[in-house]
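Chemist: Handing you this structure, nothing more for now.
Values in this text are rule-based calculations from the coordinates and carry no lab data. Please read all numbers here as calculations on a predicted model, not as lab measurements. No Cβ is skipped: glycine too gets one built from the backbone with ideal geometry, and neighbour counts run over all protein chains shown.
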Amino acid sequence: MWRDNLRGIYYIVLKDMRTYYLKPPSVSWGILFPTAWILAFYLRNPLSFQELVPGLIAMTILFSTTAAEAVVINLELKLGTLERLLLAPISLPTVLLGKVLGGAIFGLIMTVIVTTCSVVFLGLPVNVLYLILIIIPSLLAFSSLGALLCVLVKEVFEAQTLLNFPRFLMIFLCGIVYPVSAMPEGLQYIAYTMPLTYTVDGLRYSFLMFSGTTIITDSLVLTGFFILFILLAIKLLHKRFK
Amino acid sequence: MSNDVVIQVSDLTKFYGKILAVDHIKFEVKKGEIFGLLGPNGAGKTTTIRMLTGLSEPTEGKASILGFDINSEIVEAKRHIGVVPETSNLYDELSSVDNLLFMAKLYGVPRAQRRKRAEELLKTFRLYERKDSQFHTLSRGMKRALTIAAALIHDPEILFLDEPTVGLDVVAARSLRNLIANLRQQGITILLTTHYLEEADLLCDRVAILVKGRIVKVDTPRVLKTTAEEESVIEISIDGDVSKLVEDLTDRLPRVKIVAVDRNKVRIYGGILNDVYDKVFRLARDKDIVIRSVNSIKPSLEDAFIKITGLSPTVMAIEKGGR
């Protein structure tokens, strides 16, 4: 049984990579969007740009995992191809995990490109092990958040709209452009309920900058968000096929 | 469960909220037969297939496929079944052969056999020339054929076909029916749903007639037709619309069933022949109706269906959208 499920996850990821993620629109969106943000911030203030790198990598993680995935899951639900996957001898969580991992792997590719460029061109000191400890659970958490919001709605455009709300809220509240510690106390409480805060904090820690909590705390909280989002998404998807 | 029963359904029931879609249905499907669920749209055919294939949970009742309980062992059951849903739902972006290979991988077909099996199926379904064409470029009939091929990639013992020919033109539908008939010769048990009476008659060894979620009759098409043979069936064609004729005849022949077959044709089921002919001709004379033809006809499955369910054949003619 577990072998069937592992095989299912593997082939779903491979198929999604081929049919959705490694297509020009996804790749160009995944590269162009963070590049545009990086250039915008760099041109505004080249001297303090290094401070913004963790936030920009966090944004790359957030957008590259959720942008294509929202389309993939809703489109497949609408066309019935997700149902086709469920007819195979694999479980429903397997199908969803396959979809989430597809988004996470695509996000990983984009994040590695942006991070490598930042480190090489800016000569930033970095702890690679810490980076891995933060990037992996972040990718999984945001990919499963995308899956959760997708299964809440029926149409592709509804999923994109619904996803924009937490995405843009997190950009402003989670320390990407403005440190959480400098925010009013009320907003800080809100910021700490959002996964991107822990991603930004963990990335700052990895780049040997000031951070609010330890790398282990950030990593564990992000893993917790991943488990919470994926379990809720499985429950909601299961309800659709009840 | 006897050895030759491969699907056993007992009191299977499905509620969607307060709507009862399937109401305590019971039937058995024997190894190697083509069993049809026949009924109008909304009768509960697709819901039944969805429950049996693990896409929907039954509210009540039990069913087993090859001895595997659908409530607790559905994943195991899925290894032995192929499913062709009502919508041809393969991947538009993948070619015919890649769609089959992807399904083969999901079902765990050994690597060495995948391509061979996929190519065999493409040849059987006359799609080999289009093996590199993306799914979205295929005609509706080809998409349907490829969806059936995909359901057969892991060599299943049982095939579920939900409205296999819906939305196809006459030629494509006939070709697909031939292919389905050939599958039986390969020993595959088939459970199909259809709202085409002719299809059920041509393909099925046994038919369960489903109306409003309940099975009203299960038997062979031949026995079902015999049910209708017990009474006379007269078909009258007239110039003009038959609706008024149906109304007037219903008044004059209260104990017979009068059904409009199409705009100009009406069928009269039962009654004493002399009396029926007499009243029809008298009515035609009184109302200046021009009769084109009067035939005493051999009952079809459609006549049996009308007799058993009391439904008009126009209910069965309401099409579902196919892809």
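Chemist: With the crude spin-label approximation of a point 7 Å out along Cα→Cβ, what separation in nm comes out for B:Ile272 versus B:Asp286?
Modeler: Placing both labels 7 Å along Cα→Cβ, they lie 1.9 nm apart.
Chemist: If you don't mind, there's one more thing I want to ask. Quick check for me: using +1 on Lys/Arg Cβ and -1 on Asp/Glu Cβ, what's the dipole size of the range B:5-225 about its Cα centre, in debye to the nearest 20?
Modeler: Magnitude of the dipole: close to 280 debye.
Chemist: Restricting to Cα pairs below 8 Å that are 6+ residues apart, what does the relative contact order work out to for the range B:231-296? Please round to a whole percent.
Modeler: 47 percent
Chemist: Separate question: Among B:Thr87, B:Ile153, B:Val246, which residue has its Cα positioned farthest towards the positive end of the charge dipole of the protein assembly as shown, with +1 placed on the Cβ of Lys and Arg, -1 on the Cβ of Asp and Glu, and the dipole taken about the Cα centre?
Modeler: After comparing all options, I get B:Ile153.
Chemist: If a paramagnetic tag sat 7 Å from the Cα of B:Glu93 along the Cα-Cβ line, which residues of the range A:154-187 would have the backbone N under 19 Å from that point?
Modeler: The answer is A:155-160, whose backbone nitrogens lie closer than 19 Å to the label point.
Chemist: What are the chymotrypsin sites (Phe, Trp or Tyr not before Pro) within the range A:121-210 that DSSP puts in a loop, where the Cβ has at most 10 other Cβ atoms within 10 Å?
Modeler: A:Phe210
Chemist: Starting from the 7 Å offset along Cα-to-Cβ, what nm value, one decimal, do you get for the label separation of B:Glu76 and B:Asn182?
Modeler: Taking the simple label geometry, B:Glu76 and B:Asn182 are separated by 3.5 nm.
Chemist: With no solvent and one equal point scatterer per Cα, compute the Debye intensity ratio I(q)/I(0) for the range B:84-188 at 0.19, 0.25 Å⁻¹ and report its log10, rounded to two decimals.
Modeler: Treating every Cα as an identical point scatterer, log10 I(q)/I(0) equals -0.92, -1.60.
Chemist: Can I ask one more? When B:Asp162, B:Asp251, B:Asp23 are ordered from fewest to most other Cβ atoms inside 10 Å of their Cβ, what list results?
Modeler: B:Asp251, B:Asp23, B:Asp162
Chemist: Under 29 Å between alpha carbons, and skipping anything fewer than 8 positions from A:Lys99 in its own chain: which lysines qualify?
Modeler: Within the straight-line cut-off, A:Lys99 pairs with A:Lys15, A:Lys23, A:Lys78, A:Lys154, A:Lys235, A:Lys239, A:Lys242, B:Lys78, B:Lys105, B:Lys116, B:Lys131, B:Lys143.
Chemist: Right, next: Which whole-number percentage describes the relative contact order of chain A, with Cα contacts under 8 Å and a sequence gap of 6 or more?
Modeler: Relative contact order of chain A: 25 percent.
Chemist: Any idea what the dipole of the protein assembly as shown comes to, in debye rounded to 20, about its Cα centre with Lys/Arg Cβ at +1 and Asp/Glu Cβ at -1?
Modeler: 600 debye
Chemist: Also, quick follow-up: Evaluate peptide A:87-99: per residue, the Cβ atoms of other protein chains within 10 Å of its Cβ; return the mean as an integer.
Modeler: 4
Chemist: Set the Förster distance to 60 Å, then compute FRET efficiency between A:Thr214 and B:Ser296 from the Cβ-Cβ distance, nearest 0.05.
Modeler: 0.05
Chemist: Quick one: B:His154, B:His80, fewest Cβ neighbours within 10 Å first, how do they rank?
Modeler: By the 10 Å Cβ count, ascending, the order reads B:His80, B:His154.
Chemist: Among A:Trp37, A:Trp29, which comes first, second and so on when ranked by fewest other beta-carbon atoms within 10 Å?
Modeler: Ranking A:Trp37, A:Trp29 by Cβ neighbours within 10 Å, fewest first, gives A:Trp29, A:Trp37.
Chemist: Next up: In whole Å, largest first, what are the principal axis extents of the Cα atoms in chain B?
Modeler: So the three principal-axis extents are 76, 43, 37 Å.
Chemist: Compute the acute angle (0 to 90°) between the alpha-carbon long axis of helix A:215-240 and the principal axis of greatest extent of the alpha-carbon atoms of chain A; round to the nearest 10°.
Modeler: Value to nearest ten degrees: 30.
Chemist: Right, next: List the trypsin sites (Lys or Arg not before Pro) within the range B:1-96 that DSSP assigns to loop and that have no more than 10 neighbouring Cβ atoms inside 10 Å.
Modeler: In loop regions of the range B:1-96 (DSSP not H, G, I, E or B), the sparsely surrounded trypsin sites (Lys or Arg not before Pro) are B:Lys18.
Chemist: Would you calculate a helix-derived [θ] at 222 nm for chain A, using -39,500 (n - 2.57) for each DSSP H run of n ≥ 4 and dividing by the full residue count, to the nearest 500?
Modeler: After summing the helix terms and dividing by residue count, I get -26500 deg cm²/dmol.
Chemist: I'd like the orientation of helix A:2-16 relative to chain A: the angle between its Cα long axis and the longest Cα principal axis, in ° from 0 to 90, rounded to 10.
Modeler: In chain A, helix A:2-16 runs at an angle near 70 degrees to the longest axis.
Chemist: Given the Cα-Cα distance of B:Lys18 and B:Ile308 and 0.36 nm per residue of separation, how much length would full extension add, in nm?
Modeler: Answer, rounded to one decimal: 101.7 nm.
Chemist: May I ask for the angle, rounded to the nearest 10°, between helix A:92-122 and the longest principal axis of chain A, with both axes built from Cα atoms and the value confined to 0 to 90°?
Modeler: Here the helix axis deviates by roughly 20 degrees.
Chemist: Ok, one more. For the range A:70-226, what is the charge dipole size about the Cα centre, in debye to the nearest 20, if Lys and Arg each add +1 at the Cβ and Asp and Glu each add -1 at the Cβ?
Modeler: 200 debye
Chemist: Placing +1 on the Cβ of each Lys and Arg and -1 on the Cβ of each Asp and Glu in the range A:2-240, which of A:Phe207, A:Tyr130, A:Pro24 has its Cα farthest towards the positive end of the resulting dipole?
Modeler: A:Pro24
Chemist: Out of every Cα pair in the protein assembly as shown, what percent are spaced more than 47 Å from each other?
Modeler: 31 percent
Chemist: Put a dot 7 Å past each Cα toward the Cβ at A:Glu155 and A:Val128; how far apart are the dots in nm?
Modeler: Placing both labels 7 Å beyond Cα along the Cβ direction yields 4.7 nm.
Chemist: For Cα pairs less than 8 Å apart in space and 6+ apart in sequence, what is the mean separation divided by the residue count of chain B, i.e. the relative contact order in percent?
Modeler: With pairs under 8 Å counted, the relative contact order is 21 percent.
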